[in-house]
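Everything on this sheet refers to the single structure shown next.
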Amino acid sequence: MSRFSHLRLRESLRRHPERAVAAVLVAAVGLLVFWLALDLFPYHSVNDDEGVYLYQAAMLLEGKLFLRPGAIPTDAVRPWFFVIREVGGEIAMYGKYSPVVPAIFTVGHLLGDWNIALGLVAAGNAAGVYYLGSAAFDRRVGLVAVVALAASPLFLLTSATFLSYAPATMLNLAFAVAYVRAARTDSLRWAVASGAAVGLAFFARPYTAVLFAIPFILHTLAVLVTGLRTGDDTFDPAFRRVFKRAVAIAVPGALGVVIALGYNAVVTGDPLLFPYAAFAPNDGIGFGPHEILGYDRNYTPALAAETTVFVFEFFLTEWTPAGVLGSLLAVLGIGTAAWRWGESIRVYRPSLSGMTGGEVAAVVAGVFPAVFLGEAYFWGTLNGLRNELIDLLGPFYHFDVLLPVSVFAAAGAVALVRFVRRWLAERTTRRRARVAVAVLLLLAAPVVVSAEQRVIDGPFSENRQRTESLTATYEPFVERASNASDGTAFDDALVFTPDPYGDWQAHPFQYLRSEPGFDGAVVYATDGSPERGLRRGGGDESDALPIHLPRGVDRCSAAGELRYSATSRPLRVSSERDDDSWDPRERRKRQRPHRNDSRVRAIPCSGVDADERDDSGRMGHHRRGSPYSKPRLRVRTCGSDGSTSGRRVGG
């Protein structure tokens, strides 16, 4: 940094100390999420979609859009949520998600740790919330909005996972920030940046991007209409500036749509067929029959309304900053905004030469109904409640709503403090009023902390219990990492894993992923029938080792290989709610699962151990606890003489 730039920075921080505080808070949020990802989710969360994004990220790092298993049976190595397609005369597989979010995650890997990307995304979201809170109200509200965002359990848990919701929100917030900057500075560069951001957001999560953009689209239309009505003609200078800005946003935004359609053409063969639709054609938006992986439901408007009402209450009471307290502050913030800009609301005339704080507050507030009403048209929330992912990670489809909740909760808190200070100042001195407010804030702190602890304890403790189970399950693989110094590192190894959910690799064991070229130190393959052959080796057929994967029988036919072998029956996911009569309101009567009791028993090389049988004499008995708990496994290392050693891990 040059001396001139350094002096400019010091002068800026001296004149605006809030910016320095904001930078510290934003960095702290990023570090907090990075730490959570390492500490709470070292083996990822209950949502196995994380493995899909990381698999696609690893493919991008190798310049691949497809997995090409070659002679390996696809049902042995097909990752979770990958689609099979013939490309160039050979079988290929591609992920159901777009490459935008995986590309963001690759940044972390390039910097030395995948989790760094999660911290950077969280910091980006915090910075966006700060700017929009400051633009709508003032910088103090922006600072408190960052704190409110970081206090939301939904933000913390979802941001610490390799899922698309937080990165998509980062792109949406980048669009919003650039949109406001373009309006206030009349800069076409900021307008182009805004359009590029929303185009990328569409590429990442199309429906989410459209819902978030609705309030901004309405604002743009209102400004254009106002320009037409107030100008002498359509070439009025003010109107021309607004129109150019709108075009500068729309063109790169449309380019993002074109790129998304082009990607569709490459991977699915049809520009109008998105990968997620190719995977599950009936898993989209709209009412009527829906289906994914054998689960189907008639998603009626009545069921959509019930689900939306439930998740609305669930979100505002369990997943906002400090739960109910944060939601009440947000309501107070909305009331403060309405009182502050009441006259503007009654006679709305958008500015042609900028964007007022009231306009920013209006578009931020508009995100709330746009997301909640829009997501009611998508059955994903119902499915997330059914499989209990939302219980553990929060209503992640509504992640964008954290923007208005954080901003208006901050506005409500700041307005309340300022009101009390003014009221006291009118009855005593300003100094005494400030001291009294400080004392009141100290007295209120335990209440806020208690409310925050109440909403955090449940989901955090449940995810912690699951992670403790996974730590034991994955211990043998950590011990055999590529940098193991005791000579036990994987080297041209083949690992067999159970397939309790069907022929899916990395589901439920998403921590175990092969290299995209199936040419790494270890290849993971699902258990299979004796007729299925699997070759492990990069040479010709004479060099390759034919290995059979018998279901439930570990024959230890190959030397020096660590293998999992298990007998299992398909796991039932919350079978009491599989019927169409399930009502979201019934969830209030159930307790969240706290124990990991599911088992997948293993058969050793020499046969069946007596202690491996359950009371019914059957192998592979599965006792359902949490529907997303991990099976217990026995690890076997097969020696060259056929001897084995092993132990049970997990749970």
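A few comments on the model shown:
- Once backbone amide H atoms are built at 1.01 Å from N, Ile285 has no partners under 5 Å, excluding neighbours fewer than 5 places away on the same chain.
- Pair-distance profile P(r), taking every C-alpha pair of region 204-286, with 10 angstrom steps and integer %: 16, 33, 24, 18, 9, 0
- Rh (Kirkwood; distinct C-alpha pairs) - region 89-132, Å: 12.3
- Per residue, the convex hull spanned by the Cα atoms of region 111-155 measures out at 67 cubic angstrom.
- Close amide H partners of Leu494, meaning residues 5 or more places away or on another chain with modelled amide H under 5 Å apart, are Val523, Leu562.
- Debye, to nearest 20: dipole size of region 15-169, +1 on Lys, Arg Cβ, -1 on Asp, Glu Cβ: 460
- Highest-first arrangement of 364-373, 317-326, where packing means the average Cβ count within 10 Å: 317-326, 364-373
- Here the 3J(HN,Hα) profile of region 377-390, calculated from phi with Karplus coefficients 6.51, -1.76 and 1.60 at θ = phi - 60°, is 8, 10, 7, x, 4, 4, 5, x, 6, 5, 8, 6, 5, 5 Hz, Gly and Pro shown as x.
- Globularity ratio of region 245-354, using Cα Rg and 2.2 N^0.38 Å: 1.64
- Å² per residue, accessible surface of region 103-160 at 1.4 Å: 27
- All-pairs Cα distance distribution in region 88-232, expressed in whole percent, bin size 10 Å: 11, 33, 33, 15, 6, 2, 0
- Heavy-atom SASA rank of Val100, Val417, Val251 (probe 1.4 Å, accessible area, largest first): Val251, Val417, Val100
- A probe of 1.4 angstrom, applied to the heavy atoms of all protein chains, finds Trp190 with accessible area near 100 square angstrom.
- Rh by Kirkwood over Cα pairs, then Stokes-Einstein D for region 265-317 at 0.890 mPa s and 25 °C, µm²/s: 188
- Legend: P(r) of region 28-87 from all alpha carbon pair distances, 5 Å bins from 0, whole percents, reading 4, 14, 18, 21, 16, 11, 8, 5, 3, 0.
- Measuring only protein heavy atoms, the 1.4 Å probe finds Val435 accessible over about 80 Å².
- Leu38 accessible area, 1.4 Å probe, all protein chains in place, Å² to nearest 10: 80
- Cα gyration tensor shape for region 1-122, rounded if a/c is under 1.5, else prolate or oblate: prolate
- For the residues Arg245, Arg454, a 1.4 Å probe over the protein chains yields an accessible-area ranking, largest first, of Arg454, Arg245.
- Student exercise, region 345-491 dipole from Lys, Arg, Asp, Glu Cβ charges, in Debye to nearest 20: 1700
- Legend: calculated FRET efficiency, Asp39 to Val225, from the Cβ-Cβ distance at R0 = 51 Å, rounded to 0.05, equals 0.50.
- Out of every Cα-Cα pair that region 348-505 contains, those further apart than 22 angstrom amount to 71 percent.
- From the largest down, region 132-185 spans 36, 22, 9 angstrom on the principal axes of its Cα atoms.
- Relative intensity, log₁₀ I(q)/I(0), of region 300-368 from a Debye sum that treats every alpha carbon as a point, q = 0.28 Å⁻¹: -1.18
The values are calculated or read from the model by the stated rules, or taken from the named source; none is laboratory data. Only a predicted model underlies this, so the values are computations on that prediction, with no experimental measurement involved. Counting neighbours? That spans all protein chains shown, and the Cβs are built from the backbone with ideal geometry, glycine included. Calculation scope for accessible area: heavy atoms of the full protein, side chains included, ligands and nucleic acids excluded. Shrake-Rupley method; radii C 1.70, N 1.55, O 1.52, S 1.80 Å.
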